[in-house]
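The values are calculated or read from the model by the stated rules, or taken from the named source; none is laboratory data. If you're wondering where the values come from, they're calculated on a predicted model, not measured in any experiment. For neighbour counting, all protein chains shown are included, and Cβ atoms are generated from backbone atoms with ideal geometry for every residue, glycine included. Calculation scope for accessible area: heavy atoms of the full protein, side chains included, ligands and nucleic acids excluded. Shrake-Rupley method; radii C 1.70, N 1.55, O 1.52, S 1.80 Å.
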Amino acid sequence: MKVCLVVRVIDENEYMLAGYIRSIELPFVPTLGMKFKQGSGTTMWETELGELSPVIKEVVYNLDEETVYCLFEINEPLQSSFWTEIPTDVLEDSFELNQFDTIPD
């Protein structure tokens with residue numbers, strides 16, 4: 001199953017500060033509330049202040065892309081090399097972030 005993990009970094013006012021993506025193949029369909037972990041050294045959720053453990057907030061299957069999109073929301077930037085950062089200049093128009101209903105207009 002083709003899965004795109006999408007992370008939205010928001011502040012206390014739900015203003016989007018950054019975004020990250022990572023496409024992976026999984027043998028299952030992720031579900032709401034599921035957590036992902038990786039590695040024992042540098043982990044996928046590493047930040048400057050420690051390690052996060054977010055849950056999937058929304059899951060969308062895009063029929064045209066044949067891809068499951070999973071949204072995570074966090075409140076501080078990631079430092080892990082696992083992720084590809086969405087460039088700031090295209091953040092609001094990001095195809096991956098626009099898959100979700102919970103993203104404010």
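Here are a few things to note about the model shown:
- Subset of region 1-37 (residues that are within 17 Å of Phe100 (Cα to Cα), of a type in the set (Phe, Trp, Tyr) and in contact with a Leu (Cβ under 8 Å, 6 or more places away or on another chain)): Tyr20
- Of all residues in region 23-39, exactly one satisfies the criterion of being in a strand (DSSP E or B) and among the β-branched types (Val, Ile, Thr), namely Ile24.
- Restricted to region 75-97, and to residues there that are open to solvent by 90 Å² or more (accessible area, probe 1.4 Å) and either out of contact with any strand residue (DSSP E or B) (no Cβ under 7 Å at 6 or more places or on another chain) or among the hydrophobic types (A, V, I, L, M, F, W, C) (or both), the residue that is modelled with the lowest pLDDT is Glu92.
- Residues (assigned to a strand (DSSP E or B) and open to solvent by 40 Å² or more (accessible area, probe 1.4 Å)) located in region 6-22: Leu17, Arg22
- Residues located in region 70-94, provided they are farther than 20 Å from Tyr15 by Cβ and not hydrophobic (A, V, I, L, M, F, W, C): Gln79, Ser80, Ser81, Thr84
- Restricting region 23-32 to residues that are more than 13 Å from the chain's Cα centre (by Cα) and not aliphatic (A, V, I, L, M), the residue that is surrounded by the fewest Cβ atoms within 10 Å (Cβ to Cβ) is Pro27.
- Residue among Met34, Met16 that alone is touching a Cys at 6+ places or on another chain (Cβ under 9 Å) and either over 13 Å from Phe72 (Cβ atoms) or aliphatic (A, V, I, L, M) (or both): Met34
- Output for region 45-80, where each listed residue is touching a residue at least 60 places away in the same chain (Cβ under 8 Å) and either part of a strand (DSSP E or B) or among the hydrophobic types (A, V, I, L, M, F, W, C) (or both): Thr67, Val68, Tyr69, Cys70, Leu71, Phe72, Glu73, Ile74, Leu78
- Residue that is farthest from Leu97 (Cα to Cα) [pool: residues in region 38-74 that are under 13 Å from the mean Cα position of the chain (by Cα) and exposed (fewer than 14 other Cβ atoms within 10 Å of the Cβ)]: Ser53
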